Amino acid sequence: MPTVGAFPTSRQEIAGVSIAAIAQQFSTPTFVYDASIIVERIEDLKSFDLVRYAQKACSNIAILDLVRRNDVVVDAVSAGEIHRALRAGYQGGINSKGIHEIVYTADIFDKDALDLVVEHDIHVNCGSPDMIDQVGIRKPGTEITLRLNPGFGHGHSQKTNTGGQQSKHGIWHQQIEDCKQRAAQYDIAITGLHMHIGSGTDLEHLAQVCGAMEKAVCEVGNTITTISAGGGLPVPYNAKQAYVDLEKYFALWDESRKKVEVELGHSVKLEIEPGRYLAAESGSLLTEIRAIKMMGENIFYLVDAGFNNLARPIMYGSYHPISVVPSDDSPREDVDVVVGGPLCESGDIFTQEEGGFVSKRSLPQANVGEYLVLECAGAYGSVMGSNYNSKPLAAEVMIINGEAQLIRARQSYEDLMQGERLLDT
Ligand code: LLP
């Protein structure tokens, strides 16, 4: 388990590369990923038989390629994510090691997704009973996984809790018999079970899933060869938060796996499906301070990135560490500031709490033209970006072996209007 690092409010480098140099070369706002952190986080999870990256957290194809080269397979929640996985070198079907490199996990099929699943023989993790019929008609005799909602859930926000009766995710745990009957109609074997109770949860809640999984495996029976613990592992976004004790977490799941192996009389693979854990800490959003102003007693640092680039604060009141990149050695006192973006909307504030309440952050005195880094922005950062206010999507850069390389060009103004057309008059 990694130790919770310091969250400095002033820095000059990311992975040994000068932040100012990155900003000058690639401009701002730009997401910067430190590849070595992703690789370290993958290593942390190596006791599990298989790490399946929930690419929704950060799906740039260079990131997918990096995790693929480190023996991590991938989850896809849409046709677009299947295309990304294929582009990054993953294959459909079962590979020579008997592994489904891509699994489609969702609560519905849209037409494109169903077509792609059939065309590329992608394994499906069904989150709704109707999906069993839909895939069964197109691929009778196939194998599937069921994503079960165990009846409880937990996340860092109510919006990221994926269990219980109020959640739309997964198949209700009491509907297993119905699913078995549906599967039998199409000669489908249920070979996997999966539970994901929420994102950014804790060990206490994660641990409860093991018992629910054991019960569900017994109900499905001996076709099961894989169980998945889902994702949800938290990362510390500030010094008060902590990592989950991974050894303990693995031990709990391993014990459950062994119990079900005895029950079924054959070996069972144990998968984990992290998104945030692999990507969050590797990514920073690099911005430039474009204005500093007083509003009564409040000091605002206004930067060139907004919730069009990093939506987590406005969506969940999420806290992201922030640091300033001083451009000289002059002594800087700390001041309490509000950090906001350029968008024409009052909620475009990075220092806010859930409910939209603006809060202040103690940061070093800074000047217009200096850079500011929003940290721990690798997961659910770039992927949740939008073109709101006609802002082009940010560039993305990966630092690997001490070198910063572009992995996504900043959108151009032409890209911004792509597909739009003026009507003939
Ligand atoms: N597996 C499934 C089926 C999921 O729905 C998710 C996340 C994951 C794995 C990965 O969860 P993680 O390990 O990243 O916690 N936008 C929110 C998070 C939404 C998570 C959606 N599902 C945020 O910024 O916190």
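The values are calculated or read from the model by the stated rules, or taken from the named source; none is laboratory data. Here the structure is a predicted model, which means the values were calculated and not measured. Positions of Cβ are generated from backbone atoms using ideal geometry, with glycine treated the same way; all protein chains shown enter the neighbour counts. Heads up: the accessible areas ignore ligands, DNA and RNA and are worked out on the full protein's heavy atoms, side chains in. Shrake-Rupley method; radii C 1.70, N 1.55, O 1.52, S 1.80 Å.
Among the residues of segment 258-312, those that are of a type in the set (A, V, I, L, M) and farther than 30 Å from S36 by Cα comprise V260, V262, L264, V268, A291, I292, M294, M295, I299, L302.
Restricting the search to segment 66-79, which residues are over 18 Å from V39 (Cα atoms) and either open to solvent by 40 Å² or more (accessible area, probe 1.4 Å) or among the polar types (S, T, N, Q) (or both)? If the condition is that a residue be over 18 Å from V39 (Cα atoms) and either open to solvent by 40 Å² or more (accessible area, probe 1.4 Å) or among the polar types (S, T, N, Q) (or both), then V77, S78 are the ones that fit. Do you know which residues across segment 264-304 are more than 16 Å from the ligand (Cβ to nearest atom) and open to solvent by less than 10 Å² (accessible area, probe 1.4 Å)? Answer for segment 264-304, where residues must be more than 16 Å from the ligand (Cβ to nearest atom) and open to solvent by less than 10 Å² (accessible area, probe 1.4 Å): V268, L286, T287, I289, Y301, V303.
Just one of S59, S47 is surrounded by fewer than 22 Cβ atoms within 10 Å (Cβ to Cβ) and not in a helix (DSSP H, G or I); which is it? When all the criteria are applied, what remains is S47. Which is aliphatic (A, V, I, L, M), under 25 Å from R41 (Cβ atoms) and touching a residue at least 40 places away in the same chain (Cβ under 8 Å), of L270, L264? Of the residues listed, the single one that is aliphatic (A, V, I, L, M), under 25 Å from R41 (Cβ atoms) and touching a residue at least 40 places away in the same chain (Cβ under 8 Å) is L270.
Could we say that L374 is over 23 Å from the mean Cα position of the chain (by Cα) and of a type in the set (A, V, I, L, M, F, W, C) here? The answer is no for L374.
Looking at G230, G283, which one is under 16 Å from the mean Cα position of the chain (by Cα) and closer than 22 Å to L310 by Cβ? Residue meeting the stated conditions: G283.
Looking only at segment 326-357, residues that are assigned to a strand (DSSP E or B) and either without any contact (Cβ under 8 Å) to a residue 60 or more places away in the chain or crowded, with 23+ Cβ neighbours inside 10 Å (or both) come to 10 in all. Within the set D202, D121, the sole residue that is within 12 Å of the ligand (Cβ to nearest atom), surrounded by fewer than 24 Cβ atoms within 10 Å (Cβ to Cβ) and either touching a residue at least 24 places away in the same chain (Cβ under 8 Å) or of a type in the set (A, V, I, L, M) (or both) turns out to be D202. With respect to Q181, is the statement that it is at pLDDT 95 or above, touching a Gly at 6+ places or on another chain (Cβ under 7 Å) and open to solvent by 20 Å² or more (accessible area, probe 1.4 Å) true? The answer is no for Q181.
Checked against (1) more than 15 Å from the ligand (Cβ to nearest atom); (2) in contact (Cβ under 8 Å) with a residue 24 or more places away in the chain, K240 passes all but condition (2).
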